[in-house]
Amino acid sequence: MTRQNRILNVLAALALIIAALAIPAPASANAATDSAGHRGCVSFRPTSGFYAAGRVGTVELTVPHSRCTTISVSDIVDPANPIDRCQTFLVGFWPLVDGSLTYTEPVTACGHQRSVLARNVPNGTHYLVLYAVDYIDPVIQTVKFRVWH
């Protein structure tokens with residue numbers, strides 16, 4: 001094999017590798033973890049704001065101006081019980097309707113994978129994330145998680 005042929009073979013192999021890297025990963029079949037609305041999302045660990053009726057809610061949050069159209073959660077863990085990596089979440093949106101927030105349907109989310117709680121959320125939307133607690137004795141369960149918006 002000539003030097004020119006070896007160079008051409010190496011270049012062809014590199015082109016195949018680059019092409020393979022450019023192919024987007026297939027979307028998940030699970031609607032709760034679909035990544036289509038995740039473009040431009042940023043994540044953070046929210047601060048707890050209150051406990052009421054078996055749920056802990058974050059402080060009021062605002063969707064930033066971005067291409068992200070979803071509100072998701074990930075990296076869920078109960079520090080008091082590290083093997084517990086699942087929790088049931090929902091989102092409460094402003095403005096108030098009849099004196100209360102408008103809520104999404106509850107979604108059970110687990111571990112590191114992003115789970116979508118709300119879709120088609122406009123920039124500037126005010127909301128809070130709530131999760132159902134599993135226990136309140138001897139203290140109220142405090143779950144750590146990331147919000148993506």
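What to note about this one:
- Overall, the range 31-148 carries a charge dipole of about 460 debye about its Cα centre when +1 sits on the Cβ of Lys and Arg and -1 on the Cβ of Asp and Glu, all other atoms neutral.
- Dipole-positive endmost among 87, 121, 47 within the range 31-148 (Cβ charges, Cα centre): 121
- Across every pair of non-identical alpha carbons in the range 31-148, the mean reciprocal distance, once inverted, gives a Kirkwood radius of 14.4 Å.
- Sites residue 120 and residue 86 - FRET efficiency at Förster radius 41 Å, r taken between beta-carbons, to 0.05: 0.95
- The mean sequence distance of close C-alpha pairs (under 8 Å, at least 6 residues apart), as a share of the length of the range 31-148, puts its relative contact order at 38 percent.
- For the peptides 111-124, 49-62, 92-105, the ranking by packing is 111-124, 49-62, 92-105, with the highest mean count of neighbouring Cβ atoms within 10 Å listed first.
None of the figures in this text is laboratory data; all of them are computed from the coordinates on show. Being a predicted model, the structure only gives us computed values, none of them experimental. All Cβ positions, even for glycine, are placed from backbone atoms using ideal geometry, and neighbour counts span all protein chains on display.
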